[in-house]
Amino acid sequence: MTRALSAEDALAHAHRLLDKLPLVDGHNDLPFVIRRDREAKGDVRRYDLSRAHQRTDTDIPRLKAGRLSAQIWAAFIPSKTPQPARAVLELIDTIHQLHEAYPDVFMRALSAADIGKAKRQGKIASFLAIEGGVGLENSLSPLRVWHAAGARLMTLCHNETLDWVDSATDKPRHNGLTEFGKAVVGELNRLGMMVDLAHVSPDVMRQALDISKAPIVFSHSNARALADHPRNVPDDVLDRIPANGGIVMATFVPDFISRRSYEWMMPFKDSFGKTRGDVDMTKALPEREQQLGRWPRGTLEQLCDHVDYLLKRIGIDHIGIGSDFYGGPTPEGLEDVSRFPHLLAALIRRGYTDTAIAKIASRNFVRVFRAVEGVGKDLRKTEPPRVGRLEDFDGIELVAPS
Ligand SMILES: [Zn+2]
């Protein structure tokens, strides 16, 4: 493409591509939004996803406008949730309710092949992911139960360090993964589930790349060189991704897009970069905007800068999209799930070819997913399931959480 397209023409072109091209989003926390909703409390029908939810970012009308054809839904719970194993089961149930309540919209999806299948049926392939290994309660058995319930991806931890894995946004306690943590990665490989390194510390990223027999994913992370936030991927880790075959799915979280946003938010963050538990952001944010003017919440174009950077650093075959919509603040131009075509249009205007767009939209993710499935199939022929609890792998001396 030699001449710059107008925004309108680029958007029309993006929509034409999306007539055939599946579009995958790597991370959306809607199940938690439905759980947290005071009326719905995890009941999908009571939440009524068929109507517009103006105060949040995800509903069926806008998913359709956004042309999405595959969504990885996160069964996310905060690390400090009481009885985390039960809470994860409740989130899994909420995701199952989505397919059951809206069978014309969502197709329960379990394999890479389901992405194309859903597209052909005009539905959204609806995948289940577990965000945060806290729900294992330090046992390997839930991994297999989650897999049987449809989980195909697991984000090892969330914002807090667990007994076996260091978080990017907490004090490291293990220099990465413990032996139990390594067993979790091994068992995910064996099950054919994607190992998601969003949220883990750089040491865990490096160790997982050392031991994983399958390509890894970052389901919602950006480049640390452009926005220095602990949740983003440092260059030395990025440089190892082409050899691993994995994928970095660029994310819309304002602080991960823009260092200015992160710095503006600093008073509400702890020293590790995560929002402090004692801050009520619904009050704190308007107050700060009154003092300082509008929050520089990052833009769609700045997100495209991350994609450009990833392209230069690791190549077109290792980039995807992982919005991380969670019903909270969003960057300018990426306000809700209807905006995905605008992101593709912005990349088209930057000169990304149709093939490049296809890779970012879904082809790379499908390749990774297929590879993970293949590795799992092979490993299950030779490796028995890993059975046991943390104490069987790491000894009984647990470090008490600080
Ligand atoms: Zn997350």
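The values are calculated or read from the model by the stated rules, or taken from the named source; none is laboratory data. All values derive from a computational prediction rather than experimental measurement. With ideal geometry, Cβ positions are generated from the backbone for all residues, glycine too; neighbour counts draw on all protein chains shown. Accessible surface is based on the protein model in full, side chains and every heavy atom, while ligands, DNA and RNA are left aside. Shrake-Rupley method; radii C 1.70, N 1.55, O 1.52, S 1.80 Å.
Taking all Cα pairs closer than 8 Å and separated by 6 or more residues, the relative contact order of the range 21-91 comes to 41 percent.
Averaged over residues, the count of other Cβ atoms within 10 Å places the peptides 98-111, 152-165, 228-241 in the sequence 152-165, 228-241, 98-111, highest first.
Keeping all protein chains in place, calculate the accessible area per residue for the range 1-84 (probe 1.4 angstrom), answer in Å².
Numbers: 4320 Å² over 84 residues.
It amounts to 51 Å² per residue over the range 1-84.
Projecting the Cα atoms of Val248, Pro84, Pro234 onto the charge dipole of the chain, computed from C-beta unit charges around the Cα centre, puts Val248 farthest toward the positive end. Cross-link pairs exceeding 21 Å in C-alpha to C-alpha distance, out of Lys117/Lys381; Lys312/Lys359; Lys64/Lys123, comprise Lys117/Lys381. Here the chain carries DSSP beta bridges of which approximately 10% are antiparallel, counting only pairs with both residues inside. Ligands, DNA and RNA are left out, and with a 1.4 angstrom probe the accessible area of the range 130-185 is 26 Å² per residue.
Within the range 77-162, what whole-number % of the accessible surface is contributed by carbon and sulfur, with the 1.4 Å probe and all protein chains included in the calculation? Intermediate values should be presented prior to the final figure.
On the way: 1630 of 3080 Å².
Carbon and sulfur: 53 percent of the exposed surface of the range 77-162.
Sorting the segments 169-180, 249-260 by their mean number of nearby beta carbons within 10 angstrom, highest to lowest, gives 249-260, 169-180. Accessible surface of the range 1-67, 1.4 Å probe: 48 percent of it comes from carbon and sulfur atoms. Round to a whole number: what % of the accessible area of the range 285-402 belongs to carbon and sulfur, probe 1.4 Å? Ligands and nucleic acids excluded, carbon and sulfur reach 51 percent.
Take the range 212-279 with all the other protein chains still there, run a 1.4 Å probe, and you get 33 Å² of accessible area per residue.
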